[in-house]
Structure formats: C-alpha cells, structure tokens
Ligand code: FES
C-alpha cells in the first residue's frame with residue numbers, strides 16, 4: 001500500500017448509523033491503552049490495529065471517530081492508515097495472503113508464486129475474491145530472506161514456499177482450517 005490521495009472536497013464518506021468505535025472499545029482504550037502513553041496521539045497505532053482486526057478494514061467513518069476520540073485531526077489518522085501495509089481502507093478477505101516481493105524472494109521465484117495464486121483465485125495483488133474469502137497482497141521484505149520465498153497467511157509466516165505447498169495452504173484456508 002502507499003500514501004493515498006483523494007479529492008477531499010468532493011468525496012462522499014459512507015456512513016452507517018452504528019459507530020465503529022463502540023462504547024466497549026473506547027472504554028477499554030481509555031482504561032488499558034491511554035495510560036501507557038505520554039500523549040493520546042501515541043495510542044493511535046494500537047487503536048488502529050484493534051479496528052483493523054475487528055472490521056478487516058478501517059473505514060473513513062472509523063478514522064473520523066478515532067480522531068475525535070484522540071483529539072487529533074482525521075487527516076493524521078488517514079496518513080497513518082494509508083502509510084502502513086497492515087491497514088486497509090477496503091475490507092480484506094478472511095484469509096490475507098501476503099507474498100514477499102523484495103529482492104531475496106524475487107530471486108527465489110516470488111513471481112511464479114504470485115502469478116499462480118493470482119490465477120488460482122482470479123484476483124490481482126491488492127484485490128479480494130468476490131466471496132470475501134481471500135485477499136492477495138504483494139509485501140516488502142518480511143525479514144526472513146534466508147528462507148525465501150516467503151508469505152504471510154494472515155499473521156503466520158510460511159517459508160521456503162513452493163507452488164505445491166502454497167496450494168495446500170490455500171486449500172486449508174478455503175476449508176476454514178488453521179493453516180494461517
Ligand atoms: S526479501 Fe523476502 S523476506 Fe526478505
């Protein structure tokens with residue numbers, strides 16, 4: 001993902017009646033997170049992780065709600081959301097496959113893996129299948145260059161990948177198994 005620009009003056013922000021930052025979440029952030037930091041702004045990242053985990057994305061409405069909770073500008077929240085690969089403004093699939101595309105994995109055949117997963121799932125990198133089951137991401141170095149090529153299935157790193165074992169991981173994920 002990269003810095004995102006949008007025509008702020010004309011973009012309509014989709015809103016739902018129910019807030020993304022629930023009373024229970026805000027109560028927990030107030031009692032558990034805020035006391036750990038010198039400023040409220042510093043709690044932004046863990047709060048965004050909570051929201052991403054809960055909703056599989058961080059909507060513009062959620063960014064506005066977080067900004068109000070932390071007394072910071074919505075633009076500061078959006079800057080952070082669009083800077084980090086961990087966060088998405090669009091809902092991600094239940095299983096997020098992030099194939100490393102940096103140099104060691106590139107040399108060890110990441111493209112073959114990526115093309116195979118793309119063809120199998122019918123999506124390009126940074127797209128989600130229509131059934132919401134899978135998202136394919138192209139990630140930068142995952143810090144495991146000596147076991148390239150590697151990929152994350154949600155939060156689990158898989159190393160020395162081949163087409164056969166990435167297929168097995170997708171099969172397991174499709175069944176709702178614990179291979180990710
Ligand atoms: S280049 Fe892929 S883990 Fe470092």
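The values are calculated or read from the model by the stated rules, or taken from the named source; none is laboratory data. Treat the numbers as computed from the prediction; the structure is a model and nothing was measured. Neighbour counts are summed over all protein chains in view; Cβ atoms, including those assigned to glycine, are modelled from backbone coordinates with ideal geometry.
Structural remarks
- Taking the numbered list (1) modelled with pLDDT of 95 or more; (2) surrounded by fewer than 13 Cβ atoms within 10 Å (Cβ to Cβ) in turn, residue 41 passes all entries but (2).
- Breaking point among (1) more than 16 Å from the ligand (Cβ to nearest atom); (2) in the same structural domain as residue 153 (by TED's automatic domain parsing); (3) surrounded by 15 or more Cβ atoms within 10 Å (Cβ to Cβ), for residue 57: (2)
- Of the residues making up region 128-168, those that are touching a strand residue (DSSP E or B) at 6+ places or on another chain (Cβ under 9 Å), in contact (Cβ under 8 Å) with a residue 24 or more places away in the chain and in a strand (DSSP E or B) number 10.
- Answer from 168, 148 - the residue that is over 14 Å from the mean Cα position of the chain (by Cα), within 16 Å of the ligand (Cβ to nearest atom) and either exposed (fewer than 14 other Cβ atoms within 10 Å of the Cβ) or more than 24 Å from residue 55 (Cα to Cα) (or both): 148
- Considered as a group, the residues in region 91-119 that are away from the ligand (no atom under 14 Å from the Cβ) and without any contact (Cβ under 8 Å) to a residue 24 or more places away in the chain include one that is surrounded by the most Cβ atoms within 10 Å (Cβ to Cβ), and that residue is 118.
Residue-wise test of (1) within 28 Å of residue 64 (Cα to Cα); (2) within 16 Å of the ligand (Cβ to nearest atom); (3) surrounded by 14 or more Cβ atoms within 10 Å (Cβ to Cβ).
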{"residue": "80", "(1), (2), (3)": "yes, no, yes"}
{"residue": "88", "(1), (2), (3)": "yes, no, yes"}
{"residue": "132", "(1), (2), (3)": "yes, no, no"}
{"residue": "137", "(1), (2), (3)": "yes, yes, yes"}
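- Test result for residue 82, assigned to a helix (DSSP H, G or I), under 14 Å from the mean Cα position of the chain (by Cα) and touching a residue at least 40 places away in the same chain (Cβ under 8 Å): yes
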